[in-house]
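Report on the structure given below.
The values are calculated or read from the model by the stated rules, or taken from the named source; none is laboratory data. Remember, predicted model here, so these are calculated numbers, not experimental data. Every residue, glycine as well, gets a Cβ built from its backbone with ideal geometry; the counts of neighbours run over all protein chains shown. Heads up: the accessible areas ignore ligands, DNA and RNA and are worked out on the full protein's heavy atoms, side chains in. Shrake-Rupley method; radii C 1.70, N 1.55, O 1.52, S 1.80 Å.
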Amino acid sequence: MKWFDYAAPTTLGETIGLLVSHPGARLLAGGTDLLVQLRAGRKPTDLVIDTKRIPALNALNYDPGTGLTIGAAVPCYRIYRDTAIARAYPSLIEVASLIGGTQIQGRASLGGNLCNAAPSADSVPLLIALGAQCQIAGARGTREVSVEDFCTAPGRNVLEPGELLVALHLPPPRPHSGARYLRFIPRNEMDIAVAGVGVEVDLDNGTFRSARIALAAVAPTPLFVREAGDSLAGKPVNEASIARAAEIARNAAQPITDMRGTADYRRHICAVLTRRALETAVQRAREKK
Ligand SMILES: Cc1cc2nc3c(=O)[nH]c(=O)nc-3n(C[C@H](O)[C@H](O)[C@H](O)COP(=O)(O)OP(=O)(O)OC[C@H]3O[C@@H](n4cnc5c(N)ncnc54)[C@H](O)[C@@H]3O)c2cc1C
């Protein structure tokens, strides 16, 4: 591995200063993607900036009135160990618990999962379904971007030079809502998804008030399929409505054929996972007290 300098700033201002003065610097959260890429020579740099000591990137705050803020460097284990978050966002706990294994979850963050911008990133479809916003800071101030607009191509995102992701913000869960992320991998764990689906539904007695559906690993970026969720709005909660939404998700997928599966197979998996994820999300919404 090529040598590089290491900085561990403790303020946001210092971090942005380093990003501005070192345009080729790489930010490190858990390092579970970055260190692999540095070792493979895929992301050469002469400065790695560790973000784990910056308070705003390590904050984890849940308020039932305003929602959940997850600092960009908060490791997965801190999310699933928090009982209030587990009660409010069970689907998020499932995602935080399926990224890698226990050792990876001790370091890996949802911020890193998103910024790495892999089409297969497991947390991103669920973050999209839950309506998460990215809080971004840079030399020119702060801005917000919806998670569905954050990834622009494999390994690329909307961050401008000198900017970093500070936190993810999720709105408070609505009283009659439920969510679920499902992925298909050939092994039980430690594999890249052949396809993944994140959904959230909001129910109004026997009908869908609204729904959001996003896909992983079937397009150059995580894919928000707005029309699939919108197709459910105002429709009765039944097999036909769900099958129609699953069909729209299937048709929106733009998968490639590779060693993990053919494009047709991936489209088929999208429909199956969308249907199953919607069924579980509906059940969760109904069971909510
Ligand atoms: C064995 C193994 C198993 C894995 N299993 C899974 C899996 O099941 N599902 C899955 O989705 N992924 C998996 N991964 C990939 C990886 O663990 C996840 O993507 C993880 O969430 C990355 O988080 P991190 O904190 O380690 O990010 P890092 O590696 O620290 O950073 C990732 C990228 O984001 C950039 N970055 C970090 N912080 C910021 C910031 N604040 N602002 C802007 N850019 C930033 C970095 O420069 C880098 O390019 C696995 C990796 C390994 C090694």
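Using a probe radius of 1.4 angstrom, the carbon and sulfur fraction of the accessible surface of the chain is 51%.
When the chain is treated as a Gaussian network with alpha carbon springs shorter than 10 Å, the biggest mean-square fluctuation among D50, D63, D122 belongs to D63. Oblate is the label for region 42-107, because the ratio a/c of its alpha-carbon gyration tensor axes (a ≥ b ≥ c) is 1.5 or higher and a/b is not greater than b/c. Count Lys and Arg as plus one, Asp and Glu as minus one, and take only other residues whose Cβ is under 12 Å from that of R78; the net charge is then +2. A simple spin-label model places pseudo-atoms 7 Å from Cα toward Cβ; at R156 and T10 they are separated by 3.9 nm. Within the listed set A59, A193, A240, the residue fluctuating most in the Gaussian network model of the chain (springs between alpha-carbon atoms under 10 angstrom) is A240. The distance separating the Cα centre of region 157-177 from that of region 218-287 comes to 23 Å.
Proximity of backbone amide H atoms, modeled 1.01 Å from N, is registered between S146 and C134 at under 5 Å, excluding neighbours fewer than 5 places apart on the same chain. Think of each Lys and Arg Cβ as +1 and each Asp and Glu Cβ as -1; about the Cα centre, that makes the dipole of the chain roughly 420 debye.
Which GluC sites (Glu not before Pro) in region 165-234 sit in a loop by DSSP (not H, G, I, E or B) and have at most 15 other Cβ atoms within 10 Å of their own Cβ? Of the GluC sites (Glu not before Pro), the ones in loops of region 165-234 whose Cβ has at most 15 other Cβ atoms within 10 Å are E189. If the segment from A86 to A263 were pulled out straight at 0.36 nm per residue, it would be longer than the present Cα-Cα gap by 60.2 nm. Computed per residue of the chain from DSSP H runs no shorter than four, each worth -39500 (n - 2.57), the mean residue ellipticity at 222 nm is -9500 deg cm²/dmol. Bridgeable aspartates and glutamates around K2 (alpha carbons under 16 Å apart, same-chain partners fewer than 8 residues away excluded): D46. Applying 1/(1 + (r/R0)^6) with r as the Cβ-Cβ distance of K235 and Q283 and R0 = 22 angstrom yields a FRET efficiency of 0.80. Of the Cα atoms belonging to the chain, the radius of gyration and Dmax stand at 18.9, 60 Å. The listed residues R267, R143, R244 rank as R244, R143, R267 when sorted by accessible area, largest first, using a 1.4 Å probe. Of the residues F184, F224, F208, the one with the largest accessible area comes first in the ranking F184, F224, F208, computed with a 1.4 Å probe on protein heavy atoms.
Taken along the Cα-to-beta-carbon direction at a fixed 7 Å, the label points for R209 and V20 span 4.4 nm. Backbone phi angles across region 169-183, fed through the Karplus curve with coefficients 6.51, -1.76 and 1.60 (θ = phi - 60°), yield HN-Hα couplings of 10, 10, x, x, x, 7, x, 10, 10, x, 9, 6, 10, 10, 10 Hz in residue order; Gly and Pro are listed as x.
I want to verify a result. In a Gaussian network model of the chain, Cα cutoff 10 Å, which of these has the top mean-square fluctuation: Y77, Y89, Y265? Greatest mean-square fluctuation among the candidates belongs to Y265.
Its relative contact order, with pairs defined as Cα atoms under 8 Å and 6+ residues apart, puts region 1-82 at 33 percent.
In terms of accessible area, using a 1.4 Å probe and ignoring ligands and nucleic acids, V36, V272 rank largest first as V36, V272. Expressed as a fraction of 2.2 N^0.38 Å, the value expected for a compact globular protein of N residues, the C-alpha radius of gyration of region 6-125 is 1.09.
Fully extending the segment from Q103 to A243, taken as 0.36 nm per residue of separation minus the present Cα-Cα distance, adds 46.6 nm.
For region 51-209, just say rounded, prolate or oblate: build the C-alpha gyration tensor, square-root its eigenvalues into a ≥ b ≥ c, call rounded for a/c under 1.5, and beyond that prolate if a/b exceeds b/c, oblate if not. Rounded is the answer for region 51-209, as its axis ratio a/c remains below 1.5.
Oblate is the label for region 127-198, because a/c, from the alpha-carbon gyration tensor with a ≥ b ≥ c as root eigenvalues, is 1.5 or above and a/b does not exceed b/c.
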